[in-house]
């Protein structure tokens, strides 16, 4: 299964996204890391081009309430709502419920064990685990 | 004798690492045998391992400088006055992401970012509001900004002019450290060469016009926060420092004309002794390189002065009150390491920008250290400790090994271009994360001693209306200013950028006629182009 992992927004804090990308790769997923400062359009482009089933977003600038839903909306616009979006970063508890309502499947906050993210993917896509 | 007793005794059979958080193996005990033998060292004397001032904190306490900025210039101005009223001794400006990335609040990619992780500054008008009623001749200000650093410094100079204060009287610090942006924080805009030119332009300009200004704050903080080890932080930061020195020398400046205005910025992480050793080693290495390799004659050129911030990455969203304890311990390490100024993180910074209450608690933690604990009474109190001296030497050894590797690659910029630093940091970050997962390291409240139901902490919210207000403000500035003067200033800047003149006077001219930050950056981008990194995972 292919996962596009992207940093949206303007911040350059890429420690988390890189650690998660490696962990997902080690768990047997095919991971494409887009790099920094991706707009929602660029992220969706990458996901479609790479034929990814999942998009993982990372942000630490506080713009998650604008940019995460913007990725979901862009998927709708491109008729690609089968692609699942999850995210992580510095995201306050109250915002998580709102983001889920707006179509983000799951949010992982600081301190999440990598194994929890892998487990979540395995449960969500039991048939597609490659390893 | 002791060794035998130790080895025949029992040791804890948990899985917990006994190496430092950076992986330096530690002995259970250090004795005279482990301590390096060298001539007695004294504070205020080369190589300054024990501090740069002969009088330590007896002469002057560290500056309590809380990094702060959010929402609009008006709101941040209010926070500054609040912090100053509560006994803070210097200002430190946090800019929002669009400002850090050199774009205006109305740029399409600024959407959702305005005022979120710092204050939004688009033009001189915002800077006037930010420092309204704050006498710039009496306080010092630190500005954390890099790619557009020259522009923000010019805005500060222009505001001071309006207050009637000449640039020669201004004191403060500009982060202006573009190399660590390529290495770790990634807020680069121009390619390395023109980026370095702008840094050298500002150092050269300030040496003449703003002589009390620290022209650069060569930063390990972001390198560490990105996941590096303590030794990597130390080595990469000092290597960056030497790269700036080389660039200034190449420009034709004399070492003693600028070296004393180079300042440093380190992280104070949670592994207490390792951090103290790192600070001590930093001073010793820098002094030696400046005197021996670069031939600096003046003592002030040899002295490494630094600001410290406690480690944001060590804070936890879980049981966040614990962050007060973590920050206090980290701050103590910074003080025992002889820092010149200090920012203590607020407990809620792992969730959002700090509330007034959390910001004050963080400042109070420093005041408590300074005035209650007695740690400021004796200079370098851990100097001579077998353990600390041995660890200081180990830090130095590891840093020197990195300098060799960087030199073999061809220097700092080639090493950036091949992703050397980025890879080293990502590897270290991943290694640490694995240690956490395997519970070989414990973080209280995260992978051990957890609780299920945590009451939510009250956090600072940025009003979403602020963005449209700030956009309206920048539109207002553009409508009101003298458009002809503004476009003339920008086209002169463009022309100068294509040549070899020092760009500072051109940027200052553009700032004075209310060209926006985004417009000034755009003028330079047209000449310099932009940089994209090849992401290393």
Taking Cα pairs closer than 8 Å and at least 6 residues apart, the relative contact order of chain B in percent is 20
Which angle between 0 and 90 degrees, to the nearest 10, do you get for helix B:356-371 versus the longest principal axis of chain B when only C-alpha atoms count?
50
Measuring from centroid to centroid over Cα atoms, what is the spacing of region B:338-404 and region B:64-141 in Å?
25
Sort B:372, B:448, B:233 so that the residue with the fewest other Cβ atoms within 10 Å of its own Cβ comes first and the one with the most comes last.
B:372, B:448, B:233
At what distance in angstrom do the alpha carbon centres of region B:195-236 and region A:89-131 lie from each other?
38
Compute the angle between helix B:192-209 and the longest alpha-carbon principal axis of chain B, please, reported from 0 to 90 degrees and rounded to the nearest 10.
80
Estimated 222 nm signal from helices in chain B, with DSSP H stretches of n ≥ 4 weighted -39500 (n - 2.57), rounded to 500
-14500 deg cm²/dmol
What order do you get for B:179, B:322 when you list them from fewest to most C-beta neighbours inside 10 Å?
B:322, B:179
Neighbouring partner chain Cβ atoms per residue of A:53-62, average, 10 Å criterion
3
Cα shape, region B:81-134, gyration tensor, a/c 1.5 rule:
prolate
I'd like the distance between the alpha-carbon centres of region B:16-59 and region B:500-537, rounded to an integer number of Å.
43
Under the rule rounded for a/c under 1.5, else prolate if a/b exceeds b/c, else oblate, using alpha carbon gyration tensor axes a ≥ b ≥ c, region B:148-272 is classed as prolate
Using Cβ contacts closer than 10 Å as the measure, can you line up B:22, B:491, B:8 from fewest to most?
B:8, B:491, B:22
Assuming a ≥ b ≥ c are the square roots of the Cα gyration tensor eigenvalues, decide whether chain B counts as rounded (a/c under 1.5), prolate (otherwise, with a/b larger than b/c) or oblate.
prolate
If I fit a long axis through the Cα atoms of helix B:230-251 and take the longest principal axis of the Cα atoms of chain B, what angle between them do I get, 0 to 90°, rounded to 10?
40
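We did not get these values from a lab; they are worked out from the coordinates using the rules stated. If you're wondering where the values come from, they're calculated on a predicted model, not measured in any experiment. Backbone-built Cβ (ideal geometry, glycine too); neighbour counts: all protein chains shown.
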